[in-house]
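The values are calculated or read from the model by the stated rules, or taken from the named source; none is laboratory data. In this text the structure is predicted, and so the values were computed from the model without any measurement. A quick note on method: Cβ atoms are made from the backbone with ideal geometry, for glycine too, and the neighbour counts reach across all protein chains shown.
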Amino acid sequence: MATTPEDIVEQALAQRGRRRDQLVQILREVQEHTGWLPRELLARIGAGLGLSAAVVEGVAGFYRFFHLQPVGRYHLLFSDNVIDRQAGNRVLAQDLCRRLWVEPGKVSEDGLVSVGFTSDIGMGDQGPALLVNQHQVLTRLDSQRIFEIADLVRAQVPVAQWPAAWQQVENHVQRPDVLLSAPPPQGEAIRAALARGADATLAEIQTSGLRGRGGAGFSTALKWRLCREATPPEGGTRVVVCNADEGEPGTFKDRVLLTRHFDAVIEGMTIGAFVLGARQGFVYLRGEYRYLLGALEAVLAARRSAGLLGAMVAGRAGFDFDVAIHLGAGAYVCGEESSLIESLEGKRGTPRIRPPFPVERGYLGQPTVVNNVETWCAAAQIAQRGGAWWAGLGVPGSSGTKIHSVSGDCARPGLYEYPFGVTVQQILDDCGATRTQAVQVGGPSGQTLAAHEFGRRIAFDDVPTAGAFMVFDERRDLFEVARGFAHFFAHESCGFCTPCRVGTELIVRRMDKLAAGHGSLFDEAELRELDSLLHGSTHCGLGATAANPLRHTLERFRPAYERRLQSPRFVPAFDLDAELASARRATGRDDALAHLSRTEP
């Protein structure tokens, strides 16, 4: 058993076969033992993989769950989704910091604890929530629980011994339909596909009209066909990937599908592998769902024992397919399929320039299909029950059902599954939402709908969605909602392209200026120009949709901005007097010529 940091590195390298594409997993496994990643360890990892220390540090620095500086032995990260903020997470965090004598974002002097914030951790239906050491999730926080957490940390009680009730994650399936109510498949769909044949199974997927459930809505059959037509490199294979990196704020449906329906996910992936002739599969699991890893590995092991994974799947000679779980490390952009593939290859999750598309050259240059969790579940059902059955659900152009993660100002948050075509108002009625002024459909990158639009339908040709459904009643300030989303996008920008890297930060600064009371009509013009810039010039979809909340709230909730845009003349947010204060103190000067007086006309 490894006892020194050097031994830990060597053990991780050996277990991962010293493979370059395993760098992210190696970094994760080392940090789980060391707590953070000092440069000497990064250099040792690089030497073991034939990489420079700079390359390894560049990868580690990209992911927010890798620490290049020490963190507390108890590293507590509050989920900072807009819904968590409205539930009081900031007040709770301040209380915890006060009780632990630590500043937010810093480490206590004794190295015991650090408290900070992270993006949405997929618990919008049971927040406020936080992550402990990126392994354990604590839900339904309140002032009493914060008091008890502080006591346990000061007493240095191991997290494994904290009350189990604190770590209980509810599924909250409020309205199941064909996917959420289906029993776990144990090879039935696979055997149906094998009996039908690869060509006929692909034809059933085509008949079903299944489109990707990740938000873009690309035809699943077309994606599979394009991958099938691509030729793998010599000695390679086609690859099947499940995108379980649901980082869109307000989304938690994949968390429940992974918890309750992982057999269906793997069944769908195995059917996809049969159609494509793929031998290798990956589940890219977001780092925030680290606590699910053991249970998911147990499902894979059980399916291997049952002959449903590995060599000769379901007894079919030549059908060899297995799945590995790749754990992410906290990067929203890795939900984009080419960024995800870069991360699978052990690199920074920077979106690729396309073409070539992943179906042509994806993971390690091999043709790769990436579908999300819900899509693979649907594929398993279609293989078993037929494409015509699925096509009979929903509306033309939007077949089947869609699962919605409902959170915010409603009586019954949780998962609601409906056939496509359901109205926004129907979902609001079912979840017990009253006095609703706005709904954010599809997360921050989706649409902000006002009350007069609640009759619109959830469908690809009307209101498409990746699954988030965030409810805001009349108490909420929609400017602050949009400002929270602006901070999220600025924080999550991968930094690859200048319009996104700089543009998202400029939006944040401008909106913070308005929040501080320095708004003017000039600022509105600047915000609209930034919106136009981001929509038309960014490298990937993150930047292109980053200004959506700004655009939609300006259009539909203008009074929230107007009361912050009162001045007809430009109002500077830069305070020269304050900026020069430290210099004055250092030189001992306070004469009239040392700085500009705030009282001068």
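At a glance:
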{"read-out": "Some residue of the range 362-379 being in a helix (DSSP H, G or I), β-branched (Val, Ile, Thr), under 21 Å from Ser208 (Cα atoms) and not assigned by TED's automatic domain parsing to the domain that holds Leu42", "value": "yes"}
{"read-out": "Residue match in the range 265-286 (condition: closer than 25 Å to Gln126 by Cα, modelled with pLDDT under 95, part of a loop (DSSP other than H, G, I, E, B) and of a type in the set (D, E, K, R))", "value": "no"}
{"read-out": "Residue check, Gly122 surrounded by fewer than 23 Cβ atoms within 10 Å (Cβ to Cβ) and of a type in the set (Gly, Ala, Ser)", "value": "no"}
{"read-out": "Test: residue in the range 291-309 that is touching a residue at least 40 places away in the same chain (Cβ under 8 Å) and closer than 16 Å to Val373 by Cβ", "value": "no"}
{"read-out": "Residue within the range 150-170 that is outside any helix (DSSP H, G or I), under 30 Å from Cys377 (Cα atoms) and either touching a residue at least 40 places away in the same chain (Cβ under 8 Å) or among the aromatic types (Phe, Trp, Tyr) (or both) present", "value": "yes"}
{"read-out": "Some residue of the range 85-108 being charged (D, E, K, R), in a loop (DSSP other than H, G, I, E, B), closer than 25 Å to Glu345 by Cα and not assigned by TED's automatic domain parsing to the domain that holds Gly330", "value": "no"}
{"read-out": "Residue match in the range 481-497 (condition: within 27 Å of Arg213 (Cα to Cα) and touching a strand residue (DSSP E or B) at 6+ places or on another chain (Cβ under 7 Å))", "value": "yes"}
{"read-out": "Cβ-Cβ under 6 Å pairs, at least 6 apart or on other chains, the range 317-328 side buried (at least 20 other Cβ atoms within 10 Å of the Cβ), far side assigned to a loop (DSSP other than H, G, I, E, B) and among the charged types (D, E, K, R)", "value": "Gly328/Asp245; Gly328/Arg286"}
{"read-out": "Test: Val71 is buried (at least 18 other Cβ atoms within 10 Å of the Cβ) and in a loop (DSSP other than H, G, I, E, B)", "value": "yes"}
{"read-out": "In the range 133-147, residue modelled with the lowest pLDDT [restricted to those that are polar (S, T, N, Q) and touching a Phe, Trp or Tyr at 6+ places or on another chain (Cβ under 9 Å)]", "value": "Gln134"}
{"read-out": "Answer residue from the range 360-378, given it is farther than 17 Å from Asp21 by Cβ and in contact with a Ser or Thr (Cβ under 7 Å, 6 or more places away or on another chain) and is surrounded by the fewest Cβ atoms within 10 Å (Cβ to Cβ) among those", "value": "Thr375"}
{"read-out": "Answer residue from the range 140-151, given it is in contact with a helix residue (DSSP H, G or I) (Cβ under 8 Å, 6 or more places away or on another chain) and more than 22 Å from Glu170 (Cβ to Cβ) and is surrounded by the fewest Cβ atoms within 10 Å (Cβ to Cβ) among those", "value": "Phe147"}
{"read-out": "Pick from the range 43-57, criterion touching a residue at least 24 places away in the same chain (Cβ under 8 Å) and part of a helix (DSSP H, G or I), ranking: nearest to Glu288 (Cα to Cα)", "value": "Val56"}
{"read-out": "Extreme residue, surrounded by the most Cβ atoms within 10 Å (Cβ to Cβ), among residues of the range 158-183 that are farther than 13 Å from Val132 by Cα and of a type in the set (Val, Ile, Thr)", "value": "Val169"}
{"read-out": "Flag if His452 is part of a strand (DSSP E or B), farther than 26 Å from Thr270 by Cβ and not hydrophobic (A, V, I, L, M, F, W, C)", "value": "no"}
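Residues are listed down the side, and each one gets a yes or a no for (1) closer than 27 Å to Phe62 by Cα; (2) over 19 Å from the mean Cα position of the chain (by Cα); (3) not hydroxyl-bearing (Ser, Thr, Tyr):
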position: Lys402; (1), (2), (3): no, no, yes
position: Leu415; (1), (2), (3): no, no, yes
position: Gly421; (1), (2), (3): no, yes, yes
position: Val441; (1), (2), (3): no, no, yes
position: Pro444; (1), (2), (3): yes, no, yes
position: Arg456; (1), (2), (3): no, yes, yes
position: Ala486; (1), (2), (3): yes, no, yes
position: His491; (1), (2), (3): yes, no, yes
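Every residue, every condition in (1) crowded, with 24+ Cβ neighbours inside 10 Å; (2) part of a loop (DSSP other than H, G, I, E, B), yes or no:
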| residue | (1), (2) |
| --- | --- |
| Gln206 | no, no |
| Gly217 | no, yes |
| Pro233 | no, yes |
| Arg255 | yes, no |
